[in-house]
Amino acid sequence: MKLQNCLMISIILLLNLIPTSNADVLFPGTKGYSRCVSITNLNDYPDVVFVGYVTGPLVHCENPYLINSSDCLTECYKANTLTVYAIEKEYYDSIGLDEIDFESDTNILPYTFDFNMNFDVTSDTNPLTKEERYYSVAGFNDTALILYEERRVSFHGSTVYKNETFDKPEIPELRLVINESKTKIQKTNSDDNSSGLQEENEVNETEVVVPSETRVTLKDSILCFIRKLFGNDC
């Protein structure tokens, strides 16, 4: 019995010494460098709430979490995946963050990053020590949030080595509002109000012009009738 206990303790200690995955071990001739990824123009969308949602084997940070333009995004652990969701603020306020089902809710629009947010590996001969990637919201379509990388800054030590900028891609069926149907309703109401105002102006103009002409014609008719009574022509 004591032998079995000693064997079990030895196995547990051994497992604790073994890395959890091969991804935690750097291959010879490689090194790690830090990365910060942020989304710069979130303030341009006051009617939208942006939320980070992490999936993967080891989620040990706040999840889900609200995103600000000044924050570096995180997926908590290198083997995890980060998806950014755009949520209409009116819907977010009505349901609350804790009640959103990020796996199935069709009212939220996702964008999933396919690389690590905070860390990456390169050759140890590469002087790269840090990288900053700046993303921007391009817009939305019916099923997704559309982000694109607008700038990337590479550092060698504390010195900026490269500052790259990228053009906004041409994306079909892109819209700048998260809820297209609401925009259509607002536009229709605006057109209806404009049409109603135009008709009201036309009626007002008619009310001013037509009665005036009618009164002049009636006066002339009365004067003509009186003249005829006294044997005069109109």
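The values are calculated or read from the model by the stated rules, or taken from the named source; none is laboratory data. Every value quoted in this text rests on a predicted model; they were computed, and no experiment measured them. Ligands, DNA and RNA are excluded from the accessible area calculation, which covers all protein heavy atoms including side chains. Shrake-Rupley method; radii C 1.70, N 1.55, O 1.52, S 1.80 Å.
The table that follows gives values for the structure above.
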quantity: Cα gyration tensor, segment 41-180 - rounded (a/c under 1.5), prolate or oblate; calculated: oblate
quantity: Nearest-10 value in Å² for the accessible area of residue 27, using the 1.4 Å probe; calculated: 150 Å²
quantity: Segment 41-180: relative contact order as a whole-number percent, Cα under 8 Å and 6+ apart; calculated: 19 percent
quantity: Estimated vicinal HN-Hα couplings, Hz - segment 96-110 in sequence order (Karplus 6.51, -1.76, 1.60; Gly, Pro = x); calculated: x, 4, 5, 9, 7, 8, 6, 7, 9, 6, 7, 7, 10, 10, x
quantity: Area of residue 180 that stays accessible when all protein chains are in place (1.4 Å probe, Å², to 10); calculated: 80 Å²
quantity: Three-way shape call for segment 25-106 based on the alpha-carbon gyration tensor, with the a/c threshold at 1.5; calculated: oblate
quantity: ³J(HN,Hα) computed for each position of segment 73-80 - Karplus, 6.51 cos²θ - 1.76 cosθ + 1.60, integer Hz, glycine/proline x; calculated: 5, 9, 10, 6, 8, 4, 8, 7
quantity: Amide hydrogen neighbours beyond the local backbone of residue 161, cut-off 5 Å, H modeled; calculated: 154, 155, 156
